[in-house]
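The numbers here are math on the coordinates, done by the rules we state, and not lab data. What you see is a predicted model, and the numbers here were worked out from it, not measured in a lab. Neighbour counts are summed over all protein chains in view; Cβ atoms, including those assigned to glycine, are modelled from backbone coordinates with ideal geometry.
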Amino acid sequence: MPETNSRMTVTASADPAVATPAEVADLRRAAVALARTAADHVRARRPEVFATATGAQRDAVQSKSTPTDPVTIVDTESEELIRALLSRSRPADSVLGEEGGGTLGADPDATVWVVDPIDGTVNFMYGIPAYAVSVAAMRDGRSLAGAVVDVAGGVTYSAGLGAGATATGPDGVTVTLRCTDVRSIEMTLLATGFGYGAARRARQGRLIAEVLPHVRDIRRIGSAALDLCMVAAGRVDAHYEHGLNTWDWAAGGLIAAEAGARLVLPPAGTVARTGELVVAAAPGIADQLIDLFDRLGVSDPIPD
Ligand code: IPD
Ligand code: CA
């Protein structure tokens, strides 16, 4: 069962009062099907949208929170596709999505689908093969099931609460995910990311300069959802970032936890503006990393 610490809120152990194992399995199958369908659409649309003239590229990309925070026409299409599929297959459920909005609601028994239609939109625009579709089923602020599909790599990561985490490659082979057994902070490969606002980035830059001498190295992949899956798959030892939105971690956080990671998460529904810290760490270095973050001031939020 995933371990917890005092700041962790989403990956408590499986609780039949919240969902039975059969229900978790059903939600996981649905999350996988939704994320795969949207990923197929994103994969097909990229050459149509970006392999053409620069004028078409300009039309396909708009800005959101800052001029460097993009949304493409394909982000919007991917989320609309997932919403349409859900409204047919699960009309009683609601959706919180990066592009279309929504809330987690107040009903603890309601299922809310938390959707990032393309995580790693900047990579998607530039053709860097690290972008994903992320779909999670949450209830009462807790992820019950989730899927993250690495669009370019054709890998489906998924997990169910209390049911473990797996990755299925383009060849159809499925493997069980486990974090690394790293035990020292000096040997920790640490993934991170930066927000879109200049002030937060300046602070994040100062903090990563403080962290860097203590770890093996850092990686900035450009998709928080994939970073969390990489923690699960043992391809990095830990991930941290300030100011993620719930849709960035709702599926990937569960996948990491079910692969053995320790998580630090803000309450579900917390928005990027408040700048709270998310951490997923292999169990052998989690305490050391959290202590280091406490000492260096990384544990404090970086509000906008
Ligand atoms: C972003 C990515 C990135 C992270 C940013 C996120 P988006 O999501 O996950 O790695 O550093 O904070 O906003 O904008 O590509 O969906
Ligand atoms: Ca995102």
| query | Rounded to the nearest 5, what % of the DSSP beta bridges within segment 21-176 are antiparallel ones? | reply | 90 percent
| query | Sorted from fewest to most neighbouring beta carbons within 10 Å, what does the list Thr103, Thr188, Thr270 look like? | reply | Thr103, Thr270, Thr188
| note | A student applying the Cα gyration tensor rule (rounded when a/c is under 1.5; otherwise prolate if a/b is larger than b/c, oblate if not) would label segment 174-222 oblate
| What order do you get for Val32, Val71, Val278 when you list them from fewest to most C-beta neighbours inside 10 Å? | Val71, Val32, Val278
| task | Using 0.36 nm per residue of separation minus the Cα-Cα distance, give me the extension gain between Thr68 and Arg206 in nm, one decimal. | result | 47.7 nm
| query | Mind ordering 77-85, 114-122 by average Cβ neighbours within 10 Å, highest first? | reply | 114-122, 77-85
